[in-house]
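Each reported figure results from applying straightforward, stated rules to the coordinates on display, with no laboratory input. Since the structure is predicted, the reported quantities are computational estimates derived from the model, not experimental observations. Note that we place each Cβ from the backbone using ideal geometry, even for glycine, and neighbour counts take in every protein chain shown.
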Amino acid sequence: MHLADHPARRRLSAALDNLAITFCDATAHPDEHNCECHWGSAEELSLLKTPNVELEPDLLCRTWQAWDWTDHAAVLRRILPQFAAALVAGRAQPLFGLEEAGSCFALGRWQQWPDDQAGAVREFLHAWWVQSLTDPDAAVPAHEVFAMCAEASGTLGPWLAVWEEHTGHLSDRRLAETAAEWEYELLGDSLPWRVSWYEHDEEEMRADLVTWLLGHAAARLRESGASTDLQHRIRLLGLTEVDRWTDPHWPGHRY
């Protein structure tokens, strides 16, 4: 199969096209403003109030990273087609992790938008998540896409369910890579990404993730031939305090 014919890539391309159509006329609120010293010039602000104008990468980055818009939802709708394309291509440039982009989505409360708009965003997130699991040329690591989707939606359930549906060799490899990325923070009783949006329950997210890793993921790692060391590190998530630290397979992490 040629990569151009990859079904996940076709789905993602269609989702990006739909975002472009759905939000083609979106603009920031006419009275929107921001600090010229910290955000940008009046000329740059005027671009956000003009539809269908491509933003320079630096301006796009400053716009989605700003938290102090009066109408954040309108600003998000304005930049969304270009922002989504930058995310998929790995050009979003977060300061710390891609969950910051998810927080931008959450702050815009996209799930409360009209059905056609919310549906377009939801399909984009799902299409990108599937592509990250199944496309060998995905530009962004699966663990970063997962964190972004989790923060954007405030839940892990839909994304974990998708992972359970995709059980091919590449998706299994992505699981092993992601578990290896996550185990250090999880063994230190932290979530492996920063939760910035105040409405999201970090402890609940971590508990849900650990439950899934100890159940579905542990069995899958074993069946797919993941390293014994990684399997033990996931097993240790089921132990607490002294039992975890004194286990002969404790990796010696220091926090």
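Which of the three applies to segment 73-187, rounded, prolate or oblate, going by the alpha-carbon gyration tensor with a ≥ b ≥ c and a/c under 1.5 meaning rounded? Prolate, since a/c reaches 1.5 and a/b exceeds b/c.
Helical runs (DSSP H, four residues minimum) scored at -39500 (n - 2.57) apiece and divided by the length of the chain put the mean residue ellipticity at 222 nm at -18000 deg cm²/dmol. Once C-alpha pairs closer than 8 Å and six or more residues apart are averaged by separation and normalised to the residue number of segment 67-128, the relative contact order reads 35 percent. In segment 124-222, if the dipole is taken from +1 on Lys/Arg beta carbons and -1 on Asp/Glu beta carbons about the Cα centre, which of 205, 133, 182 is farthest to the positive end? Comparing the listed Cα positions along the dipole, 133 ranks first.
Semi-axes of the equivalent ellipsoid of segment 147-255 are 22, 20, 10 Å, computed as sqrt(5λ) over the eigenvalues of the C-alpha gyration tensor in descending order. Comparing 68, 172, 208 in a Gaussian network model of the chain (Cα springs below 10 Å), the most mobile by mean-square fluctuation is 68.
With the Cα gyration tensor of segment 149-192 giving a ≥ b ≥ c as the square roots of its eigenvalues, does the rule (a/c under 1.5 for rounded; else a/b larger than b/c for prolate; else oblate) give rounded, prolate or oblate? Here segment 149-192 falls in the oblate category.
Mean silhouette area of the chain, derived from the convex hull of its C-alpha atoms and averaged over all directions, reads 14.9 nm².
At full extension, residue 118 and residue 216 could sit 32.3 nm farther apart than now, given 0.36 nm per residue minus the alpha carbon distance. Per-residue extension of 0.36 nm, minus the Cα-Cα distance of residue 91 and residue 244, leaves a gain of 51.2 nm for this segment. About the centre of its Cα atoms, the chain shows a dipole size close to 620 debye [charges on the beta carbon of Lys, Arg (+1) and Asp, Glu (-1) only; nearest 20 debye]. With contacts taken as Cα pairs under 8 Å at a separation of at least 6 residues, the chain carries a relative contact order of 17 percent.
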